[in-house]
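Q: First, the structure itself, so that you have it in front of you.
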Amino acid sequence: MQTIAVEELQTRLQAGEEPLLVDVREPHEHADFNIGGVLHPLGRILQADVDELESMRDREVVIYCRSGNRSGQACHMLEAMGFTNVRNLVGGMLAWRERFPS
């Protein structure tokens, strides 16, 4: 599984790069704070039809959650489905908020 640090992701986003950000937290967590990712809770990935995720297959996908645990699970699941450019945000939103307080 590939990873990406919050500093690297922030730098890339500020440079105009557009990896697909996917938030695998629950809706209430996403509503509380997010960095613009598409909400796709881990439970939906577990039950998802591959067709629902097909549009993400050829893009760089950065998965994040609260701490990096659920997003790590999501990365492994997507890799098992054949996704080849999936990265886990190390430390998740806890690390993001610590490094970039609002």
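Where a number appears in this text, it was derived from the coordinates with a stated rule and is not lab data. Since the model is a prediction, treat every value here as computed from it, not as a measurement. Cβ: placed from backbone, ideal geometry, glycine included. Neighbour counts: every protein chain shown.
Q: What list of ³J(HN,Hα) couplings, whole Hz, do you get for the range 90-102 from phi and the Karplus terms 6.51, -1.76, 1.60, once you set θ to phi - 60° and write x for glycine and proline?
A: Going residue by residue, I get 5, x, x, 5, 4, 5, 4, 5, 5, 7, 10, x, 8 Hz, with x marking Gly and Pro.
Q: How much length is gained if the chain between residue 76 and residue 47 is pulled fully straight, taking 0.36 nm per residue apart and subtracting their Cα-Cα distance, in nm to one decimal?
A: On the way: separation 29, 0.36 × 29 = 10.44 nm, distance 1.44 nm.
Full-extension gain reported as 9.0 nm.
Q: If the viscosity is 1.306 mPa s and the temperature 10 °C, what translational diffusion coefficient in µm²/s does Stokes-Einstein give for the chain when Rh comes from Kirkwood over Cα pairs? Write out the running numbers ahead of the final one.
A: On the way: Rh = 13.5 Å.
Using the Kirkwood radius from Cα pairs, D works out to 118 µm²/s.
Q: Let me ask you something else. How large is ³J(HN,Hα), in whole Hz, for each residue of the range 18-28 in order, when computed from phi with the Karplus curve 6.51 cos²θ - 1.76 cosθ + 1.60 and θ = phi - 60°, using x for Gly and Pro?
A: 10, x, 6, 8, 10, 9, 9, 7, 7, x, 5
Q: Pull up all non-local amide H partners of residue 3: gap of 5 or more, or a different chain, and H-to-H distance under 5 Å with H placed in the peptide plane.
A: Distant-sequence amide H within range of residue 3: 88.
Q: Roughly how big is the range 1-85's charge dipole about its Cα centre, with Cβ charges of +1 (Lys, Arg) and -1 (Asp, Glu), in debye to the nearest 20? Walk me through the numbers before you get to the answer.
A: Numbers: 7 positive and 15 negative charges, 44 e Å.
For this selection, approximately 220 debye.
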